[in-house]
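Reviewing the structure listed below.
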Amino acid sequence: MTTRTSRPGSTERPVIMGILNVTPDSFSDGGKYTTIDGAIRHAEELVASGASLIDVGGESTRPGAARVDSLEEKSRVLPVITELVARGIPVSIDTMSSATAEAAVEAGVTMINDVSGGLADKGMRRVAAESGLDFIAMHWRGPSAHMDQLAQYTDVVRTVREELKHRIAELIVAGVKPRRIIIDPGLGFAKSSEHNWQLLGRLDELTGLGYRVLIGASRKRFLAPLLPADASTNERDQPTTVISALAAESGVWGVRVHDAASTLAALDVWSAWSHGRDHSPRELEAGRG
Ligand code: PMM
């Protein structure tokens, strides 16, 4: 496979974070990458198609999912992380457990992705601070087993923004450098479809906080009504790519996706489009565009 890295425009496109769930039960790819070889092969495909970072998770966060203890979680993710790091592939660890995060840092990850933003395990902030790595703080209200009941907001965008500001403040008090913090509205986590669309439509209110923003819309259930009733989960890649391009236009730092190839194509279109807008005819004539 040819590695895709070139792009037609000059505008910096968002980072593509490829999803690698090594779980028996994640909603879209659960059970697919439970052998180390299968997981590595898939990660390499993601990188070859445009992902610059692989997000490895060993605990499903699909609605209703039960928690996994950190010993089990570590046994799922560490062999895969070790192998990816040995191959020079940048890895983030998707975990709510400080013990798993700490072991993953030891194994060489470059980023910690905590869907609870440091709420689920109080030790996480210390691990984040001591690691000195980038830390993704996602908006979260409670475990997946009952998160749908927590989707209560008057103005979801304002509330998520305020709650993320609290997470940021707690991380900074714990010693995490502000430039290391990436925020994420947590689409689908204690959010109805309407909440997700409001968060996407008003993304500028989150990017306006001055922190890098990550969006994780890939294949989530709020996309299903946009497709025929019998569409497969994979077919949600089409609306996902459009969201990635629109999120790029809103200034996000990164998108977390299952399909890197279609995402790269969408982001290349966005990049060329912004290049066309940002370069005046005079600059083009001078050969600078
Ligand atoms: N979504 C899932 C898992 N981890 N991490 C971040 N930062 N943002 C997300 O939206 C997010 C996440 C659930 O989706 P999956 O089962 O496809 O991984």
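The values are calculated or read from the model by the stated rules, or taken from the named source; none is laboratory data. Source: prediction; values computed, not measured. Heads up, the Cβs are rebuilt from the backbone with ideal geometry, glycines too, and the neighbour counts pull from every protein chain shown. For the accessible areas, the whole protein counts, side chains as well, though only heavy atoms, and no ligand, DNA or RNA atoms are used. Shrake-Rupley method; radii C 1.70, N 1.55, O 1.52, S 1.80 Å.
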- open to solvent by 10 Å² or more (accessible area, probe 1.4 Å) and in a loop (DSSP other than H, G, I, E, B) - does that describe any residue in segment 156-171? no
- Task: Identify, from the list Ala265, Ala229, Ala261, Ala224, the residue that is within 19 Å of Val56 (Cα to Cα), out of contact with any strand residue (DSSP E or B) (no Cβ under 7 Å at 6 or more places or on another chain) and open to solvent by 30 Å² or more (accessible area, probe 1.4 Å).
- Result: Ala261
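Give the residue, chosen from Ser280, Ser274, Ser250, that is under 20 Å from Gly201 (Cα atoms), surrounded by fewer than 22 Cβ atoms within 10 Å (Cβ to Cβ), at pLDDT below 95 and not β-branched (Val, Ile, Thr).
Details: Ser280 fails: under 20 Å from Gly201 (Cα atoms); Ser250 fails: at pLDDT below 95.
Result of the check over Ser280, Ser274, Ser250: Ser274.
Taking helices (runs of 4 or more DSSP H) that fall entirely within segment 210-289, which contain at least 3 residues that are in contact (Cβ under 8 Å) with a residue 12 or more places away in the chain? Spell out the reasoning first.
On the way: elements: 237-249, 260-278, 281-285.
So the answer is 237-249, 260-278.
Filter segment 258-279 down to the residues that are within 26 Å of Asp114 (Cβ to Cβ) and either of a type in the set (Gly, Ala, Ser) or more than 16 Å from the ligand (Cβ to nearest atom) (or both) and list them by number. Working first, answer last.
So the first thing to find is which residues in segment 258-279 are within 26 Å of Asp114 (Cβ to Cβ), and the list is 258-260, 263, 267.
Across segment 258-279, the qualifying residues are Ala260, Leu267.
Among residues belonging to segment 176-193 that are in a loop (DSSP other than H, G, I, E, B) and surrounded by fewer than 20 Cβ atoms within 10 Å (Cβ to Cβ), point out the one that is farthest from the ligand (Cβ to nearest atom).
Start the filter on segment 176-193 by keeping residues that are in a loop (DSSP other than H, G, I, E, B), which leaves 176-177, 185-192.
Those still in the list that are surrounded by fewer than 20 Cβ atoms within 10 Å (Cβ to Cβ) too: 177, 192.
Details: Lys177: 19, Ser192: 15 Å.
Ranking the qualifying residues of segment 176-193, first place goes to Lys177.
For segment 142-153, indicate whether the set of residues that are touching a helix residue (DSSP H, G or I) at 6+ places or on another chain (Cβ under 9 Å), at pLDDT 95 or above and not basic (Lys, Arg) is non-empty. Spell out the reasoning first.
The initial filter retains those residues of segment 142-153 that are touching a helix residue (DSSP H, G or I) at 6+ places or on another chain (Cβ under 9 Å), namely 142, 151, 153.
Still in the running and at pLDDT 95 or above: 153.
Still in the list and also not basic (Lys, Arg): 153.
The answer is yes, given that some residue of segment 142-153 is touching a helix residue (DSSP H, G or I) at 6+ places or on another chain (Cβ under 9 Å), at pLDDT 95 or above and not basic (Lys, Arg).
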- Looking only at segment 102-131, which residues are of a type in the set (D, E, K, R) and within 16 Å of the ligand (Cβ to nearest atom)? Asp114, Asp121
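Go through Val242, Val213, Val173, Val255 for me and flag whichever is away from the ligand (no atom under 12 Å from the Cβ) and within 17 Å of the chain's Cα centre (by Cα).
Working: Val213 fails: away from the ligand (no atom under 12 Å from the Cβ); Val173 fails: within 17 Å of the chain's Cα centre (by Cα); Val255 fails: away from the ligand (no atom under 12 Å from the Cβ).
Unique residue meeting the criteria: Val242.
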- Output the residues belonging to segment 44-101 that are within 13 Å of the ligand (Cβ to nearest atom), open to solvent by 40 Å² or more (accessible area, probe 1.4 Å) and over 15 Å from the mean Cα position of the chain (by Cα). Pro63, Gly64
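Test Arg125 against the criterion of being surrounded by fewer than 22 Cβ atoms within 10 Å (Cβ to Cβ) and of a type outside the set (Asp, Glu), and give yes or no. Don't jump to the end; show me each part of the working.
On the way: surrounded by fewer than 22 Cβ atoms within 10 Å (Cβ to Cβ): no; of a type outside the set (Asp, Glu): yes.
Against the criterion (surrounded by fewer than 22 Cβ atoms within 10 Å (Cβ to Cβ) and of a type outside the set (Asp, Glu)), Arg125 does not qualify.
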- Note on the structure: Reported set for segment 133-151 where residues are polar (S, T, N, Q) and surrounded by fewer than 20 Cβ atoms within 10 Å (Cβ to Cβ) is Gln149
